[in-house]
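Quick notes on the structure that follows.
None of the figures in this text is laboratory data; all of them are computed from the coordinates on show. The structure presented is a predicted model; accordingly, all values stated were derived computationally and were not measured. Every residue, glycine as well, gets a Cβ built from its backbone with ideal geometry; the counts of neighbours run over all protein chains shown.
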Ligand SMILES: *Cc1c(COP(=O)(O)O)cnc(C)c1O
C-alpha cells in the first residue's frame, strides 16, 4: 500500500509534528486550536454526508489527527477513536461481518480477551484460541467462516514476537483479514502495513499520546476498511472528544524522541537485570537470550519500553521491593513518560484462571515494568536501593 504522503519531508520525526495540521489551522496560529464544538453550520441544500457533527469524526481536530495517523502508519486512511478498546472492538466487528469467526492468540491483551469472551458470541460471532508459535493450531482452528486473524506485535506481558512471514502467508492463503494491535511498539518501532498487514490498531493512550493523560485509540489501513470502521465508530459512538484530540495530537509530536528514549532505557535496564544476582529471569525482546530476539531484530527498530522480570525470593519480598521503589508508580498502563510498574497476574491478566496464567508464563511474581524516559542511572539506582 502506498502512503498518501506526497511530501518529500517524510521522516517520522517531521511527520509527527507537521502532518495533518492544515485541517485544523486558523488565524496563523502555529499550534493546533481546539474546536470544542458539537455541531457546525451547514447550507440548507447540503446532503447528509456533508453534515459536520463531532460524533461523525469530521471536526477539524479529527481530520487533522486522522491524516497524521494515516501518514505515520504509511496507510491510505486512519481513524481516531475514543479508546484502544473502541478501536479493537469496532475493528473486529467490522471485519467479522455477519456470524464470523476470528483466530486469537492465547497471549492477548486483557481488554481484548474480555471483549472476545464476554461479547463476541452474544453478537453472533465465534472465536478460537491459537498458539502463535504453533502453526498447527492455526490450521486446526480454521472454519469456513473464519475471516479475521488478530495478533499483537509484542504480547502482554510475556513479550512474544510473531513470525510475520508465516502469519502473512497463512492469512493470504485462507483469505483472512490480518489485524495487528501495535500498541506496545508504536509506528516509530514498527509499521505493520509496510509488511502487508491489512489493519493496525493502537491504544493511543500509551506511546502515541505518551503522557498518561488521555484515553484514545486509532485504526489505520485501506480507505475501504477505514470508511467502514469510521461509519461503525460513528454509530457505536466511541468518537474522541476535540479536547482529547488536541492533547493526542500534541503528544504525538514528540513520539519519535520519546520512543527512542524508551527503547534505550528498556534495553539498558534489561541488560542490567540480566546480569543481576537477585534476578530470577528477565524478558525483553531486545536481549539476545529472548526466544524471539532474531525476529525483533529483523522487524523492529527497537523493542519498546516494557521489560518483564522476576526476582529471586518470595512473593512477599517482591511486593516489598515494589513498594520500596521511589520513581516508578504502581499502576496499570504503559507508554507514558513516567515509569509504571506492577504485577500482571493481578492486574491486566487478572481475568485469566490460574491455569491459563501459568500456561502463558504469567507467574504470581512476574513484574511488568513500563519504563519511562527518566534518566537510566536514576532508574537503576532506584532498583538497587529497593532490592
Ligand atoms: C491498553 C491497551 C489496549 C486498550 O486500550 P485503551 O486505550 O485502554 O482502551 C489495547 N491493546 C493493548 C495492547 C493495550 O496495551
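Summary table
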quantity	calculated
Alpha carbon centroid spacing (whole Å) that separates segment 316-387 from segment 224-268	24 Å
Protection proxy ranking, peptides 41-48, 110-117, 144-151, 238-245, average beta carbon neighbours within 10 Å, highest first	238-245, 144-151, 110-117, 41-48
Cα-based shape type of segment 36-90, given that a ≥ b ≥ c are square roots of the gyration tensor eigenvalues and the cut on a/c is 1.5	prolate
Global geometry of segment 297-387, whether rounded, prolate or oblate, following the gyration tensor of its Cα atoms and the 1.5 cut on a/c	oblate
Highest-MSF residue in the chain out of 207, 53, 188 [GNM, Cα springs under 10 Å]	53
Helix 255-274 axis, angle to the chain major axis (alpha carbon atoms, nearest 10°)	10 degrees
Value in Å of the Kirkwood radius, where segment 60-137 supplies the Cα pairs that are averaged	14.3 Å
Intensity falloff of segment 155-237 expressed as log10 I(q)/I(0), Debye formula with alpha-carbon point scatterers, at q = 0.22, 0.24, 0.25 Å⁻¹	-1.17, -1.27, -1.30
Cα gyration tensor shape of segment 104-153, rounded if a/c is under 1.5, else prolate or oblate by comparing a/b with b/c	oblate
Estimated D of segment 221-365 in µm² per second, where Rh is the Kirkwood radius over Cα pairs and Stokes-Einstein applies at 37 °C, 0.692 mPa s	180 µm²/s
Segment 12-252, relative contact order in percent, only Cα pairs under 8 angstrom and at least six apart counted	27 percent
Spatial separation of Cα centroids for segment 77-113 and segment 143-174, in angstrom	13 Å
Hull shadow area, averaged, the chain [alpha-carbon convex hull, nm²]	20.1 nm²
Residues 38, 89, 333 arranged by fewest to most Cβ contacts within 10 Å	38, 333, 89
